[in-house]
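Heads up, the thing below is written out as structure tokens.
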Number of protein chains: 4
Amino acid sequence: MSELTQPLDGEPAARVLVAGASGFTGALAAQLVWRHPRLELVRVTARSEAGTRLDSLYPRYRVPLELEELDVSGAGDCEAAIVAYPHGAAAPVVAGLREQGVLVVDLSADFRLRDPKEYERWYGERSAPDLLEGAVYGLTELHRERIAAAELVANPGCYPTAAILALAPLAADGLVEDVVIDAKSGVSGAGRGGSDFVTVDENFTPYGTDGHRHEPEIAQELRALGADVPLTFVPHLLPIDQGELVSCYVRTARELGGEELAELYRGRYDEEPFVELTDAPPGVRDVRDTNLCRIHVTANGNGRTMVFAAIDNLWKGASGQAIQNLNLMLDLPETEGLK
Amino acid sequence: MSELTQPLDGEPAARVLVAGASGFTGALAAQLVWRHPRLELVRVTARSEAGTRLDSLYPRYRVPLELEELDVSGAGDCEAAIVAYPHGAAAPVVAGLREQGVLVVDLSADFRLRDPKEYERWYGERSAPDLLEGAVYGLTELHRERIAAAELVANPGCYPTAAILALAPLAADGLVEDVVIDAKSGVSGAGRGGSDFVTVDENFTPYGTDGHRHEPEIAQELRALGADVPLTFVPHLLPIDQGELVSCYVRTARELGGEELAELYRGRYDEEPFVELTDAPPGVRDVRDTNLCRIHVTANGNGRTMVFAAIDNLWKGASGQAIQNLNLMLDLPETEGLK
Amino acid sequence: MSELTQPLDGEPAARVLVAGASGFTGALAAQLVWRHPRLELVRVTARSEAGTRLDSLYPRYRVPLELEELDVSGAGDCEAAIVAYPHGAAAPVVAGLREQGVLVVDLSADFRLRDPKEYERWYGERSAPDLLEGAVYGLTELHRERIAAAELVANPGCYPTAAILALAPLAADGLVEDVVIDAKSGVSGAGRGGSDFVTVDENFTPYGTDGHRHEPEIAQELRALGADVPLTFVPHLLPIDQGELVSCYVRTARELGGEELAELYRGRYDEEPFVELTDAPPGVRDVRDTNLCRIHVTANGNGRTMVFAAIDNLWKGASGQAIQNLNLMLDLPETEGLK
Amino acid sequence: MSELTQPLDGEPAARVLVAGASGFTGALAAQLVWRHPRLELVRVTARSEAGTRLDSLYPRYRVPLELEELDVSGAGDCEAAIVAYPHGAAAPVVAGLREQGVLVVDLSADFRLRDPKEYERWYGERSAPDLLEGAVYGLTELHRERIAAAELVANPGCYPTAAILALAPLAADGLVEDVVIDAKSGVSGAGRGGSDFVTVDENFTPYGTDGHRHEPEIAQELRALGADVPLTFVPHLLPIDQGELVSCYVRTARELGGEELAELYRGRYDEEPFVELTDAPPGVRDVRDTNLCRIHVTANGNGRTMVFAAIDNLWKGASGQAIQNLNLMLDLPETEGLK
């Protein structure tokens, strides 16, 4: 019953290209554009699987388009693109698309870190550095207005999305003195072919304990909010496919009670369409296949504030947030195509 | 091929009763006694499943004995017992067995907390309080000599086992100023029938965020080692059956380098038969079905020491450690029956 | 961001009650009605959890209604109801609702089997037997017209849905001589609280090998199609939450080649909105959270025809098909609210 | 606590080499030799990971030896070898080892199929065909005496092990007329790196539906037992790491009652140390990490006999059976090192 024509609702607001659609985040981005009532999915491309239909690679996404090789020079027939390339490989493609006047949401890390030295330390030499200045860090809830005006959005990493949303209310009020972020993610974060079943199944293990790329990204945004503080970040690998939870342990400048915390978080997030404050700790299953971030904040009676945030790493942590940002860039309702 | 007679190696050192053998930890304790070359498994009892053969409840443990109702007054034909009852229900049974002169390893919480108020706060009214004084907290690596001389051992909780082993070297040297313990456990810790598959599968969630019973147990032992410090402890539920990992984030009194940390931990654990120090973060799969605790310690370059410890919650976190303690109480080699 | 009002598309076609909404299938039925553009979810009821909000029991379904106790006598304000009660308990409720003139889709087995002796053999005494005559077996693809005219639809069991769809083209052409159905299901089929995690995890086991309730249901429908033949049906339990696959091994009246088989199946299913014929064997993951049945048919070169069918047991195997049927009963497009 | 010297029990009966020890079956074979009281593990080799310690690749196996490159010409210091190479690559290594006079258990398919055409059809050109005649098919329960006298044993595939054990009693009595084998395996059968987590997790799918290499192997052995009958074999992939279940549906020459079946199976298997007949269908969890095959046979009252057999594909389906065979070849007790 895969329908061969896209179920659009009237004239599309934009024609969209998804580059790198054979990976997990690219394929989901393609599906979200395909089922979006106002975006037309014009082309899906892949570096090594051109000629394959996307719905044979990802039957459950049901996108009946054939993967093509990317021809950047011919991309001018699209108003917008989502680029799902590995870091390093993304920047030149983004540069080419921008030259054609195409709006870009880039899922890679290539335009996230403002500090060139930090970028080089974690990712190697940067290409297209001139585009950096205009790029906006795409954590929608923090930078909504700048995203709406941007032509290039650097979509955040999955861990930073959850961690920054968890900590922003405290950081913006200057309350954070020190923070430990114990993060856990399902394996789709590692990309297609990234994780052997037998190694992961019935296992659970920390990784990146001597430094992880997402740490400077979190630090950069907390700093921008006013919290230039010691940060400890350790990711762990969960034996599930999708889902991510960060547990944040914050030493605060002064003791905060439960009600004060609740009010602080409600103040920032009550109007947010994709942030839910919960009375009990969130489970990753509750946000599976949604663009939601569910947050629970509490005081432990020991002078420490604890914040738990759950997202689906492929949705709010990647492709869902990309659509959220694209909606803003195209002046569409922020939640369009994401419910 | 279940053998109907126990494969003993000569005259047994003790005749052993396992009470509460129909639950996860009791059943494993029964199996470990059954395959132990020097312990004779005389009887297995259960409160509600008398008449059932243990190997029909737990085929993979292959213990061909029928569960009986417990008759404490007739338990004097055994030299030792492992009691796997819920807290509250355990104490009277333990008292009865002690009256018969039976050595006891108690898997419940009934004799772990020294402070009666703490006990009551978390578990309710305590029975058999007079036995408390003689009870020894059975974290083998900390209290080996007292355990060897004890007649009643209070076997530690699973989280405290991993957390205290992770922190003891730092605590004993007065180096801990503050600690966050982010703990994760498979669901067998919740006991038989405790967790519905659909609720747990593909999920991951914090729990006990407003206080967990294992926190005072950890605090008590750290205090005894000299670390009376702020402690934050949050457990999370992993979608696996067995396995537990604690991630400890320690602010230390002074900055500790990697080599100094390694030496400190080697100094305490190098001779320990069931503690392994690892160069990389441990995974729970690496210790599955073993009595090992694998520990990785590292400095994060940010003034914080991180310690990760993995155990199998049913083995080192419960029944394996019970055998380890029983070996000591009976003057057997500590590792007998545990390899 | 749970929206407190239902996102309806104009005047609803019917006001709908979901009875028994605290179980897996009832909760999903409630969600499917809630997000259905043409159905208004008026009330959700539960036998033991009245007063609880459905979205606290099932956060990911996001239905912000409070569970009520069922008052059948006041149900006349609804045009239609989906009843998700256990067998035996369902029939009296269905009878009461029918007395109020409410259209009913019943998810239980109470009105599936035409033969009273078969019903009694598997389920015990039947109540409301007079309703049986008017009840239509709700396998949509087989009985579409009768369902559209029905006032009471007996929604099929999950295994029968997959098995009958897999075999119908062969059965209707008189080609089946004998069939083995090796069926596998995720654990949500067993209902809430039905399966302990530790027992199911990393396990796989046959069950019901001395007879399963779904066998007479399959036999009844195959017989109605003309295939009154020996039938072997064995279910197995998969360590996953949702998803079901049946592998059917058919001895046919005459040898059938691959192309003939393909044509036979295309002839029956090409126009079906929820049946997909696939070139490769289907995986249950491909149909997760969809109302699709994916079927692969092939000859094994050995005189045997093999048919594999995958469904989501909660969707096409229960609540999704209930909506599909309700759409027909209410003269709505069959696929409304199911994409 | 990994012990650096092997815990041997007196003088070893043989010095053993494990070639291809970096894969799942080779690594387990190495561990089983290491913990075997009468076999000395002299060397472990690997084609691409020489220099790595085996216990860093497989921590839970705890074999503290470094992988070396294989030097067949120097293998004469060993009495026996277990070869865990892929098919095609195994034969030349086996030939080289035999030239050195080393007894070999080969885990590959290279010497399993007697019919050269069948081999070529499924595996391509065969090397070392002259060794075929002396090779014995290593399904211990069928060929015990010939294995004891063999110098080269072709260890069976995992599916054939379970299927042939399930069917042998019926086949040997000439009772099988036709058989359907619906087989399910965990993913470790596919080898290291063989299965991406996200593809397999929460999935279940048939594969090899147009023919699988293990089918001719099963057919060969059933034929040798006297059952040259139509055989349908379809494997499915389970989302677990270890474990395999075959469900066999047999049309028998005459109707067999439950008691007659039980007696037939007891007659063949009652003395077998690694076959257990069960009253209820076996689960794969019950045999995990054991060398057991658990079998349940029953009549379905429909003229069909059903046999279910569960094994651990890495143990009885590969490395455990290799040790069982090696014990026989070396005149050791068959169960030595396997309990």
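A few points about this structure:
- Test: residue in the stretch A:183-195 that is touching a residue at least 40 places away in the same chain (Cβ under 8 Å), under 22 Å from the mean Cα position of the chain (by Cα) and within 24 Å of A:Glu263 (Cα to Cα): no
- Residue in the stretch D:196-211 that is free of Cβ contacts under 8 Å to residues at least 12 places away in the same chain and either open to solvent by less than 10 Å² (accessible area, probe 1.4 Å) or more than 13 Å from chain C (Cβ to nearest Cβ) (or both) present: yes
- Identity of the residue in the stretch C:62-72, in contact with a helix residue (DSSP H, G or I) (Cβ under 9 Å, 6 or more places away or on another chain) and modelled with pLDDT of 95 or more, that ends up nearest to the other protein chains (Cβ to nearest Cβ): C:Pro64
- Test: A:Ala27 is touching a residue at least 24 places away in the same chain (Cβ under 8 Å), open to solvent by less than 30 Å² (accessible area, probe 1.4 Å) and within 14 Å of chain C (Cβ to nearest Cβ): yes
- Number of positions in the stretch D:153-177 that are within 24 Å of D:Asp110 (Cβ to Cβ) and either over 14 Å from the mean Cα position of the chain (by Cα) or among the charged types (D, E, K, R) (or both): 1
- Residue match in the stretch D:306-313 (condition: touching a His at 6+ places or on another chain (Cβ under 6 Å), under 21 Å from D:Ala171 (Cβ atoms) and among the hydrophobic types (A, V, I, L, M, F, W, C)): yes
- The residue that is farthest from B:Asn302 (Cα to Cα), counting only those in the stretch B:246-268 that are in a helix (DSSP H, G or I) and touching a strand residue (DSSP E or B) at 6+ places or on another chain (Cβ under 6 Å), is B:Tyr265.
- Candidates D:Glu133, D:Glu118 - the one that is at pLDDT below 95, outside any helix (DSSP H, G or I) and surrounded by fewer than 18 Cβ atoms within 10 Å (Cβ to Cβ): D:Glu133
- The stretch C:321-334 residues that are on the phi > 0 side of the Ramachandran plot, paired with ones that are open to solvent by 10 Å² or more (accessible area, probe 1.4 Å) (beta carbon under 9 Å, 6 or more apart): C:Asp331/C:Ala13; C:Asp331/C:Ala148
- Flag set for B:Phe274, criterion: surrounded by 23 or more Cβ atoms within 10 Å (Cβ to Cβ), modelled with pLDDT of 95 or more, in contact with a Leu (Cβ under 8 Å, 6 or more places away or on another chain) and farther than 28 Å from A:Ala309 by Cα.
- Any hit, the stretch B:36-56, residues being open to solvent by less than 20 Å² (accessible area, probe 1.4 Å), of a type outside the set (Ser, Thr, Tyr) and within 19 Å of the chain's Cα centre (by Cα): yes
- The conditions of being modelled with pLDDT of 95 or more, touching a helix residue (DSSP H, G or I) at 6+ places or on another chain (Cβ under 7 Å), more than 30 Å from D:Asn203 (Cβ to Cβ) and charged (D, E, K, R) are met by A:Arg98.
- Restricting C:Leu152, C:Leu167, C:Leu139, C:Leu107 to residues that are modelled with pLDDT of 95 or more, open to solvent by 20 Å² or more (accessible area, probe 1.4 Å) and aliphatic (A, V, I, L, M) narrows the list to C:Leu107.
Conditions tested, residue by residue: (1) under 30 Å from D:Arg251 (Cβ atoms); (2) of a type in the set (D, E, K, R); (3) in contact with a helix residue (DSSP H, G or I) (Cβ under 6 Å, 6 or more places away or on another chain).
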{"residue": "D:Arg121", "(1), (2), (3)": "yes, yes, no"}
{"residue": "D:Arg126", "(1), (2), (3)": "no, yes, yes"}
{"residue": "D:Val136", "(1), (2), (3)": "no, no, yes"}
{"residue": "D:Ala149", "(1), (2), (3)": "no, no, no"}
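- Any chance B:Pro216 is at the interface with chain A (Cβ under 10 Å from one of its Cβ atoms) and either modelled with pLDDT of 95 or more or touching a helix residue (DSSP H, G or I) at 6+ places or on another chain (Cβ under 6 Å) (or both): no
- The set of residues in the stretch D:319-332 that are open to solvent by less than 10 Å² (accessible area, probe 1.4 Å) and either in contact with a Cys (Cβ under 7 Å, 6 or more places away or on another chain) or of a type outside the set (A, V, I, L, M) (or both) comprises D:Ser319, D:Gly320, D:Gln321, D:Gln324, D:Asn325, D:Asn327.
- B:Ala162 away from every other protein chain (no Cβ under 13 Å), touching a Gly at 6+ places or on another chain (Cβ under 9 Å), outside any loop (DSSP other than H, G, I, E, B) and open to solvent by less than 30 Å² (accessible area, probe 1.4 Å): no
- So A:Ala280, is it surrounded by fewer than 23 Cβ atoms within 10 Å (Cβ to Cβ) and aliphatic (A, V, I, L, M): yes
- Of all residues in the stretch C:9-19, at least one satisfies being β-branched (Val, Ile, Thr), more than 14 Å from chain A (Cβ to nearest Cβ) and either surrounded by fewer than 17 Cβ atoms within 10 Å (Cβ to Cβ) or more than 27 Å from C:Gly186 (Cα to Cα) (or both).
Quick grid of which residues meet (1) farther than 27 Å from C:Leu237 by Cα; (2) within 14 Å of chain D (Cβ to nearest Cβ):
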position	(1), (2)
C:Arg266	yes, no
C:Glu271	yes, no
C:Asp286	no, yes
C:Asp289	no, yes
C:Cys293	no, no
C:Ala299	no, yes
C:Ala318	no, no
C:Ala322	no, no
C:Leu332	yes, no
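- The C-beta contact set for the stretch C:228-243 (first residue more than 14 Å from chain B (Cβ to nearest Cβ), second residue part of a loop (DSSP other than H, G, I, E, B) and open to solvent by less than 10 Å² (accessible area, probe 1.4 Å), distance under 9 angstrom, 6+ apart or interchain) comprises C:His236/C:Phe204.
- Subset tally (residues that are in a loop (DSSP other than H, G, I, E, B) and of a type in the set (A, V, I, L, M, F, W, C)) for the stretch A:136-148: 1
- Candidates B:Val176, B:Val180, filtered to the one that is at pLDDT 95 or above, touching a Ser or Thr at 6+ places or on another chain (Cβ under 7 Å), under 30 Å from A:Gly303 (Cβ atoms) and open to solvent by less than 10 Å² (accessible area, probe 1.4 Å): B:Val180
- Tally of residues being in a loop (DSSP other than H, G, I, E, B) and at the interface with chain D (Cβ under 10 Å from one of its Cβ atoms) across the stretch C:301-313: 3
- Qualifying residue in the stretch C:59-68 (condition: farther than 30 Å from C:Tyr119 by Cα, surrounded by 20 or more Cβ atoms within 10 Å (Cβ to Cβ) and in contact with a Cys (Cβ under 6 Å, 6 or more places away or on another chain)): no
- Boolean, B:Glu263 is open to solvent by 60 Å² or more (accessible area, probe 1.4 Å) and within 18 Å of A:Gly211 (Cα to Cα): no
The values are calculated or read from the model by the stated rules, or taken from the named source; none is laboratory data. What you are looking at is a predicted structure, and each value in this text was computed from that prediction instead of being measured. When we count neighbours, we look across all protein chains shown, and the Cβ atoms used for this are built from the backbone with ideal geometry, even at glycine. SASA here: full protein model, heavy atoms, side chains in, ligands and nucleic acids out. Shrake-Rupley method; radii C 1.70, N 1.55, O 1.52, S 1.80 Å.
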